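Below is one structure; the comments refer to it alone.
The values are calculated or read from the model by the stated rules, or taken from the named source; none is laboratory data. Since the structure is predicted, the reported quantities are computational estimates derived from the model, not experimental observations. Every residue, glycine as well, gets a Cβ built from its backbone with ideal geometry; the counts of neighbours run over all protein chains shown.
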Ligand SMILES: CC(C)(COP(=O)(O)OP(=O)(O)OC[C@H]1O[C@@H](n2cnc3c(N)ncnc32)[C@H](O)[C@@H]1OP(=O)(O)O)[C@@H](O)C(=O)NCCC(=O)NCCS
C-alpha cells in the first residue's frame with residue numbers, strides 16, 4: 001500500500017457533483033497561525049478576514065477559501081475573493097456564483113455553483129464516533145420513528161445523514177431566509193427516495209429543495225443541498 005502524501009492546505013481532490021463542483025483541502029493539525037506564504041495564497045480580502053480569526057478558526061477559514069477557489073477553477077468560472085456577511089459567517093461568492101463551506105479536523109470542503117441554478121449548501125459529517133444522544137434534537141418525531149425501526153447498528157448513520165442534510169439546508173437557505181430556524185423545521189425522508197421539505201413561517205419564501213449525498217468513507221458523509 002502506498003500511502004497518500006498529505007500536504008497541509010493542498011487540494012486533496014476536486015470533482016464535479018450534481019449541484020456544481022466540490023473541492024477538498026487538507027487541514028493541518030494544531031493551532032499555529034497561518035504562515036505568510038499561506039496568507040499570500042489567499043486573495044488580499046480573504047487574508048484580511050483570516051487574520052481576524054484565531055487558532056483553528058483561522059486554519060479552517062483559509063482551508064475553505066482555498067477549496068472554493070479550486071472548485072471554481074474546475075467549473076471554469078472567473079473567481080474573486082469569497083467574502084462573508086457583515087457580522088455573520090455566511091460566505092458571499094463573486095457575482096453570479098453561490099458557494100458553501102464545511103470543515104472537520106483534517107479537511108475543508110467547498111461547493112461552488114452558478115447562482116442561476118439555485119443556492120447551494122454543503123456539510124461534512126462523521127468521524128467514526130456515534131452520538132445518538134443528539135437524535136431527538138435533530139430528528140422530528142416521525143424521523144425518530146423511522147430510525148427506531150432499524151437495527152441498532154444502522155441508527156447513527158441515519159441520524160447523522162439527517163443532521164448533515166439539515167445543516168447543508170440551513171446554509172443553502174440562509175441568504176433567502178435570513179433568520180435562524182431549528183432542526184425540527186426540516187423534514188428528511190430517506191426512503192424510498194431522498195426528499196427534503198422545510199416548514200417556515202408563512203411570511204418566508206417557499207423553497208424548492210433538492211439534496212444529494214456522497215460518502216467519503218463508510219462513516220464519513222458529505223451532504224449537498226440546492227434551494228430555489
Ligand atoms: C451555521 C452552521 C450551519 C455552521 O456549521 P458548523 O457546525 O459551525 O461548521 P461547518 O464547518 O459545517 O460550517 C462552517 C461554515 O459554515 C458557513 N456558514 C456559517 N454561517 C452560515 C450561514 N448563516 N449561512 C450559510 N453558511 C454559513 C461558513 O462558511 C463557515 O465556514 P467559514 O467561517 O470558514 O467560512 C451552524 O453553526 C448552525 O448554526 N446551524 C444551525 C442549526 C440548525 O438548526 N440547523 C438545522 C436547520 S434545519
- Does region 171-186 hold any residues that are surrounded by fewer than 18 Cβ atoms within 10 Å (Cβ to Cβ) and either under 19 Å from residue 144 (Cβ atoms) or within 8 Å of the ligand (Cβ to nearest atom) (or both), and which are they? 175, 180, 182, 184
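Any idea how many residues of region 117-143 are over 19 Å from residue 224 (Cα atoms), touching a residue at least 40 places away in the same chain (Cβ under 8 Å) and in contact with a helix residue (DSSP H, G or I) (Cβ under 7 Å, 6 or more places away or on another chain)? Talk me through it step by step, then tell me what you get.
Step one: list which residues in region 117-143 are over 19 Å from residue 224 (Cα atoms), which gives 128-137, 140-143.
Imposing the further condition that a residue be touching a residue at least 40 places away in the same chain (Cβ under 8 Å) reduces the set to 128, 137, 140, 142-143.
The next check asks that each one be in contact with a helix residue (DSSP H, G or I) (Cβ under 7 Å, 6 or more places away or on another chain); those that pass are 137, 140, 143.
Matching residues across region 117-143 total 3.
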- Out of region 47-62, which residues are away from the ligand (no atom under 11 Å from the Cβ) and either part of a helix (DSSP H, G or I) or within 15 Å of residue 105 (Cα to Cα) (or both)? 47, 48, 51, 55
- Looking only at region 63-114, count how many residues are near the ligand (Cβ under 8 Å from one of its atoms) and part of a loop (DSSP other than H, G, I, E, B). 5
- Message: So residue 58 ticks every box in (1) more than 22 Å from residue 175 (Cα to Cα); (2) free of Cβ contacts under 8 Å to residues at least 12 places away in the same chain but one. Which box is left unticked?
- Response: (2)
- For residue 38, all conditions in the list (1) within 16 Å of the ligand (Cβ to nearest atom); (2) under 22 Å from residue 164 (Cβ atoms); (3) over 15 Å from the mean Cα position of the chain (by Cα) hold save one; what is the number of the exception? (2)
- Note: among 98, 105, just one is surrounded by fewer than 16 Cβ atoms within 10 Å (Cβ to Cβ) and within 23 Å of residue 222 (Cα to Cα), namely 105
- Test: residue in region 28-37 that is free of Cβ contacts under 8 Å to residues at least 24 places away in the same chain and surrounded by 15 or more Cβ atoms within 10 Å (Cβ to Cβ): no
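Does residue 72 meet the test of being at pLDDT 95 or above, closer than 28 Å to residue 208 by Cβ, touching a helix residue (DSSP H, G or I) at 6+ places or on another chain (Cβ under 9 Å) and surrounded by 17 or more Cβ atoms within 10 Å (Cβ to Cβ)? Show your work before the answer.
Numbers: at pLDDT 95 or above: yes; closer than 28 Å to residue 208 by Cβ: yes; touching a helix residue (DSSP H, G or I) at 6+ places or on another chain (Cβ under 9 Å): no; surrounded by 17 or more Cβ atoms within 10 Å (Cβ to Cβ): yes.
Judged against the criteria, residue 72 is not a match.
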- Query: Restricting attention to region 140-163, does a residue exist that is crowded, with 16+ Cβ neighbours inside 10 Å, modelled with pLDDT of 95 or more and within 23 Å of residue 91 (Cβ to Cβ)?
  - Reply: yes
